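Some notes on the structure that comes next.
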Amino acid sequence: MKTENQRAWFLVLPVLLLVAFNALIPMMTVVNYSVQETFGDNLFFWEGLGWYEQILRSERFHAALGRQFLFTGLILVIEVPLGIIIALSMPRQGIWVPVCLVLMALPMLIPWNVVGAMWNIFTLPDIGLLGYFLNHTLGINYDMTQDPLAAWITIVTMDVWHWTSLVVLLAYAGLVSIPDAYYQAAKIDGASNWAVFRFIQLPKMKNVLTIAILLRFMDSFNIYTEPFVLTGGGPGNSTTLLSIDLVKMALGQFDLGPAAAMSLIYFAITLGVSWLFYTLMTRDDLN
Amino acid sequence: MQKRSIIPVVYILFLMLPIYWLVAMSFKTTNEILSGFSLFPQTFTWENYTTIFTDPTWYWGYINSIIYVTINTLLSVTVALPAAYAFSRYRFLGDKHLFFWLLTNRMAPAAVFALPFFQLYSAVELFDTHLAVALAHCLFNIPLAVWILEGFMSGVPKELDETAFVDGYSFPRFFTTIFIPSIKAGVGVAAFFCFMFSWVELLLAKTLTAVAAKPIAATMTKTASSAGYELGLLAAAGTLTIIPGAIVIYFVRNYIAKGFAMGRV
């Protein structure tokens, strides 16, 4: 049982100061931009909620948001079940466990722009391993700089390659925490593999899967560097995800007001959906 | 060999293919890469690596990255330890809200905050220092470290604290000589994740540095545009960015899975 102690605040204070310094000051700067218009020279004019209205009505924002939800949806639908399947089929003990874990975690430790660059050279039609194999061995016409579908398949495959291991690690952590007695009891009852999964393994993995889904949602919703390096948002605008569009607006066109308003709307959407996931997935615990 | 072990094997093969391609390219000359497809390096060369290890703009990129990642990891874990202790042992005004607020800092799109970060760190005259990047990365690493450590600490029985205080230990002495050693694994896992996220992040690191503290990942993008496409060199530089992570993960391999299993939601 935890004891009530207000002096615990002193223990939290360093964390609070450091995070607040990095979170609140830039956030207030963004809020500040989002309600003003600037013509350079540090001259700012009050704009009110104009930018917000403009962003919420703009076709460009709707299109980018649609692509973003499609991307994140695909990522969650592919990576979560795949991660669970791989975790279920991994050995529980023995020398292969650390080998598997180290090899699987490797993609997550590669800097994000290197991941993009790596996939770029991997998929080049004439000199990349995958590109050459598809074009010259299988005879499929594959060129992600021309074909939007190929570009989409490539960025989704890249993310599956990059992050499925996170789901695997978490699901595996949940699985190894199940005592053997549970499996023995299931065996005595003659439970099928599916029943073992549905009534023992899945409930035991619920906590870690909540973390996995939340982390994958947040990170894939905010993804920027890898698809930017890989496709640059193209061909055309077909893979311009929300954050790529945002950087185009903020740094490319230097439209600080609209970009700031868009980033706050973006943040609100991320926060809202995360909260929704969190509430839905932990609802049963409260009852 | 069980039948189901085919799944992890196929998965690991899939993971290794692009990495193999990167490593294979790093041993080819740029000419060979551009002249056509070859599964193995035909004219095996160390030249790309020699260039990186003899050119200061290259190897300082690695040193810079390692410096700020190390500062960030030490800083994040040090301040997260007492905070995690507070969350795991005490109830205090606003504790739950504070915990959730800390986690929300992972959700802000970093792309947007690049410009305000640049202005903030220029204003406090830390622009282009290792400390600036290390401090900025605290934004997402401290919450993660607190979260992981809190999980490990909650697994330590409270009797340990109580016995120590009865024996006359002061809080700082108890915390550093008894409590922290009892959650060594947790500290290792938290440090690993801080290292990892600081090492792979580029956007903020690039925004906050110009010359003196430029990270390796940014050196790579600059070279790519200035010297045409030196693919072999880029591949070698990319290969070298994988190594520090591989070393760190080897040391914590047995704790990784446990670290998250104990974390709270």
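The values are calculated or read from the model by the stated rules, or taken from the named source; none is laboratory data. Worth saying up front: this structure is predicted, and the values here are computed from it rather than measured. Don't worry about glycine lacking a Cβ; one is built from the backbone with ideal geometry, like all the others, and counts go over all protein chains shown.
Observations on the model:
- Taking segment A:123-140 as the range and being in a helix (DSSP H, G or I), more than 8 Å from every other protein chain (Cβ to nearest Cβ) and of a type outside the set (A, V, I, L, M) as the test, the residues that pass are A:123, A:131, A:133, A:135, A:137.
- Among the candidates A:78, A:55, residue that is part of a helix (DSSP H, G or I) and surrounded by fewer than 17 Cβ atoms within 10 Å (Cβ to Cβ): A:78
- Total residues in segment B:33-42 satisfying the condition of being assigned to a helix (DSSP H, G or I) and either under 34 Å from the mean Cα position of the chain (by Cα) or within 8 Å of chain A (Cβ to nearest Cβ) (or both): the figure is 2.
- Each residue in segment A:229-242 was checked for being within 13 Å of another protein chain (Cβ to nearest Cβ), touching a residue at least 40 places away in the same chain (Cβ under 8 Å) and not hydrophobic (A, V, I, L, M, F, W, C), and 1 of them qualify.
- Restricted to segment A:198-212, and to residues there that are of a type in the set (A, V, I, L, M, F, W, C) and crowded, with 20+ Cβ neighbours inside 10 Å, the residue that is farthest from residue B:106 (Cα to Cα) is A:205.
- Residue check, residue A:158 at negative phi, assigned to a loop (DSSP other than H, G, I, E, B) and buried (at least 17 other Cβ atoms within 10 Å of the Cβ): no
Residues checked against (1) farther than 30 Å from residue B:107 by Cβ; (2) touching a helix residue (DSSP H, G or I) at 6+ places or on another chain (Cβ under 6 Å); (3) surrounded by fewer than 16 Cβ atoms within 10 Å (Cβ to Cβ):
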{"residue": "B:125", "(1), (2), (3)": "no, no, yes"}
{"residue": "B:136", "(1), (2), (3)": "no, yes, no"}
{"residue": "B:154", "(1), (2), (3)": "no, yes, no"}
{"residue": "B:171", "(1), (2), (3)": "yes, no, yes"}
{"residue": "B:177", "(1), (2), (3)": "yes, no, yes"}
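- Taken together, the criteria exclude residue B:45 from residues that are away from chain A (no Cβ under 11 Å) and touching a Leu at 6+ places or on another chain (Cβ under 8 Å).
- Per the conditions (1) over 29 Å from residue A:152 (Cβ atoms); (2) within 11 Å of another protein chain (Cβ to nearest Cβ), the sole criterion not satisfied by residue A:89 is (1).
- When the residues of segment A:174-202 are filtered to those that are assigned to a helix (DSSP H, G or I) and modelled with pLDDT under 85, the one that is farthest from residue A:75 (Cα to Cα) is A:180.
So that you can scan it fast, the table gives a plain yes or no per residue for (1) touching a residue at least 40 places away in the same chain (Cβ under 8 Å); (2) crowded, with 18+ Cβ neighbours inside 10 Å; (3) out of contact with any Cys (no Cβ under 6 Å at 6 or more places or on another chain):
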{"site": "A:146", "(1), (2), (3)": "yes, no, yes"}
{"site": "A:151", "(1), (2), (3)": "yes, yes, yes"}
{"site": "A:163", "(1), (2), (3)": "yes, yes, yes"}
{"site": "A:193", "(1), (2), (3)": "no, no, yes"}
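- Hits in segment A:228-266 - residues which are in a helix (DSSP H, G or I) and aromatic (Phe, Trp, Tyr): A:228, A:266
- For residue B:200, the criteria (1) modelled with pLDDT of 85 or more; (2) more than 9 Å from every other protein chain (Cβ to nearest Cβ) hold in every case but one, which is (2).
Residue-by-condition table, conditions (1) at pLDDT 85 or above; (2) at the interface with another protein chain (Cβ under 9 Å from one of its Cβ atoms); (3) on the phi < 0 side of the Ramachandran plot:
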position	(1), (2), (3)
B:85	yes, yes, yes
B:89	yes, yes, yes
B:94	no, yes, no
B:107	no, yes, yes
B:115	no, yes, yes
B:127	yes, no, yes
B:135	yes, yes, yes
B:139	yes, yes, yes
B:143	yes, yes, yes
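- Per-region count, segment B:1-32, residues modelled with pLDDT of 85 or more and either more than 13 Å from chain A (Cβ to nearest Cβ) or touching a Leu at 6+ places or on another chain (Cβ under 6 Å) (or both): 3
- Complete set of residues in segment A:251-260 that are within 10 Å of chain B (Cβ to nearest Cβ) and over 15 Å from residue A:64 (Cα atoms): A:251, A:254, A:256, A:260
- Filter result (within 15 Å of the chain's Cα centre (by Cα) and among the hydrophobic types (A, V, I, L, M, F, W, C)) within segment A:62-95: A:65, A:69, A:70, A:71, A:74, A:75, A:76, A:77, A:78, A:80
- Only helices (runs of 4 or more DSSP H) whose full extent lies in segment B:137-245 are considered here, and the ones with at least 3 residues that are closer than 30 Å to residue B:58 by Cα and of a type in the set (Val, Ile, Thr) are B:216-226.
- Residues in segment A:95-122 that are assigned to a helix (DSSP H, G or I), more than 7 Å from chain B (Cβ to nearest Cβ) and without any contact (Cβ under 8 Å) to a residue 40 or more places away in the chain were compared, and the one that is farthest from residue B:5 (Cα to Cα) is A:99.
- Residue match in segment B:60-75 (condition: at the interface with another protein chain (Cβ under 9 Å from one of its Cβ atoms), closer than 30 Å to residue B:154 by Cβ and touching a helix residue (DSSP H, G or I) at 6+ places or on another chain (Cβ under 8 Å)): yes
- Residues located in segment A:168-191, provided they are within 13 Å of residue A:204 (Cβ to Cβ), among the aliphatic types (A, V, I, L, M) and surrounded by fewer than 17 Cβ atoms within 10 Å (Cβ to Cβ): A:176, A:178, A:181
- Any hit, segment A:268-284, residues being among the acidic types (Asp, Glu) and free of Cβ contacts under 8 Å to residues at least 60 places away in the same chain: yes
- For segment A:145-183, filtered to residues that are among the acidic types (Asp, Glu) and within 29 Å of residue A:130 (Cα to Cα), the residue that is farthest from the chain's Cα centre (by Cα) is A:147.
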